Amino acid sequence: MRGHGTMSGTTTAGGTTTAGGWPALRVEDWQDTRATLHMWLQVVGKVRMAHAPLVNHWWQVPFYVTPRGWATSSIPYGNGMFDLEFDVVHHRLLVRTSSGEDRSVPLEPQSVARFHERTIAALAGVGIDAPIRPVPTEVDPAVPFAEDHGHASYDPAAVTAFWRQLIQAERVLTRFRAEFLGKVSPVHFFWGGMDLACTRFSGRPAPIHPGGAPNCADWVMEEGYSHELSSCGFWPGGGEEGAFYSYAYPEPEGYRDAPVDVEGAFYSAEFSQFLLPYEAVRTATDPDAVLLAFLRATYDAAATTGGWDGGLLTDPQRLDVHAR
């Protein structure tokens, strides 16, 4: 796997991975690469958005963590389909079609403008039109992709370490997702905010969201938050090595004061959500247990203060089918 160790643990130039597979990656060490990668994600994400039919809460637009990076999943096109995958083991963007054709774009130091040009050309090479709105969302300033020559960094070791962070977060979020019997999202990697997320719903409608995200129409947020929810995930910011988060919309009275007895966890008034620094999980004796405790406690805070149906949870031991 080109400089990477076994699945149980590895060390790379981009960050040290513990024996449990949780890599250390300081936010300050890859800021330029992260900003560039964020714009590349938006280019590809908008291609998916251009062709996939709308699903509630924009569930048709995110990426999914894969054994090689993250991908769009299948996108309908004509009477066939295609997908795109960021392969951060071999550092290339793959374009694959159901007709058997494929193309690739190298992931290397290059401007957003150059990446955009090459990606559109790769799609055209397999007969796919990509009528995207070529301007990023949820960021300010929003420089059109074709004019963005300022973001041009790519540290492959750092990007691979970030992917390994996503692998660990996705594993635990998937376990947490399975404990809920109600409406719950897949574990999504959203390219707008560059965060991994899983969202549970109470089943009740929510008040209209006020919007306010930079360079993002209010109706976009209204669709995403149309129903009462408790959402959690991982964001590569908010701490020295990123942070796990959890919030409720609308936030019930007493939510922010609810007890979350997990070392390092706190409620951030700035972000209106509970945060748990990634490094607090990574350095724990049992990272999975610490993260699950945080996710369960913050959901309990939302469900208790919000009056959710207690029957929406299942017994976690029921999920251990491999032990039977």
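The values are calculated or read from the model by the stated rules, or taken from the named source; none is laboratory data. If you're wondering where the values come from, they're calculated on a predicted model, not measured in any experiment. Using ideal geometry, Cβ is built from the backbone for each residue, glycine included, and neighbour counts are taken over all protein chains shown.
Here are the numbers for this structure:
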| item | result |
| --- | --- |
| Residue among 214, 205, 210 that is of a type outside the set (Val, Ile, Thr), out of contact with any strand residue (DSSP E or B) (no Cβ under 7 Å at 6 or more places or on another chain) and in contact (Cβ under 8 Å) with a residue 12 or more places away in the chain | 214 |
| Qualifying residue in segment 200-222 (condition: assigned to a loop (DSSP other than H, G, I, E, B) and of a type in the set (Phe, Trp, Tyr)) | no |
| Check on residue 217, outside the structural domain of residue 35 (by TED's automatic domain parsing), modelled with pLDDT under 95 and among the hydrophobic types (A, V, I, L, M, F, W, C) | yes |
| Count of segment 78-102 residues which are outside any loop (DSSP other than H, G, I, E, B), crowded, with 20+ Cβ neighbours inside 10 Å and of a type outside the set (Asp, Glu) | 5 |
| Restricting segment 228-241 to residues that are in contact with a helix residue (DSSP H, G or I) (Cβ under 8 Å, 6 or more places away or on another chain) and in a strand (DSSP E or B), the residue that is surrounded by the most Cβ atoms within 10 Å (Cβ to Cβ) | 232 |
| Positions within segment 25-77 being of a type in the set (A, V, I, L, M), modelled with pLDDT under 95 and part of a loop (DSSP other than H, G, I, E, B), in sequence order | 52, 54, 55, 61 |
| Any hit, segment 187-201, residues being of a type in the set (Lys, Arg), without any contact (Cβ under 8 Å) to a residue 40 or more places away in the chain and closer than 27 Å to residue 38 by Cβ | no |
| Residue 244 vs. criteria among the aromatic types (Phe, Trp, Tyr) and assigned to a loop (DSSP other than H, G, I, E, B) | no |
| Of all residues in segment 164-191 being part of a loop (DSSP other than H, G, I, E, B) and charged (D, E, K, R), the one that is surrounded by the most Cβ atoms within 10 Å (Cβ to Cβ) | 179 |
| Residues of segment 89-106 that turn out to be touching a Leu at 6+ places or on another chain (Cβ under 7 Å) and either in contact (Cβ under 8 Å) with a residue 60 or more places away in the chain or acidic (Asp, Glu) (or both), as a count | 2 |
| Residue that is surrounded by fewer than 14 Cβ atoms within 10 Å (Cβ to Cβ) and touching a Phe, Trp or Tyr at 6+ places or on another chain (Cβ under 8 Å), where the choices are 266, 244, 294 | 266 |
| Flag for residue 136 being in contact with a helix residue (DSSP H, G or I) (Cβ under 8 Å, 6 or more places away or on another chain) and without any contact (Cβ under 8 Å) to a residue 24 or more places away in the chain | no |
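Yes/no per residue for (1) among the polar types (S, T, N, Q); (2) assigned by TED's automatic domain parsing to the domain that holds residue 165; (3) touching a Leu at 6+ places or on another chain (Cβ under 6 Å); (4) over 29 Å from residue 241 (Cα atoms):
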residue	(1), (2), (3), (4)
62	no, no, no, no
110	yes, no, no, no
118	no, no, no, yes
128	no, no, no, yes
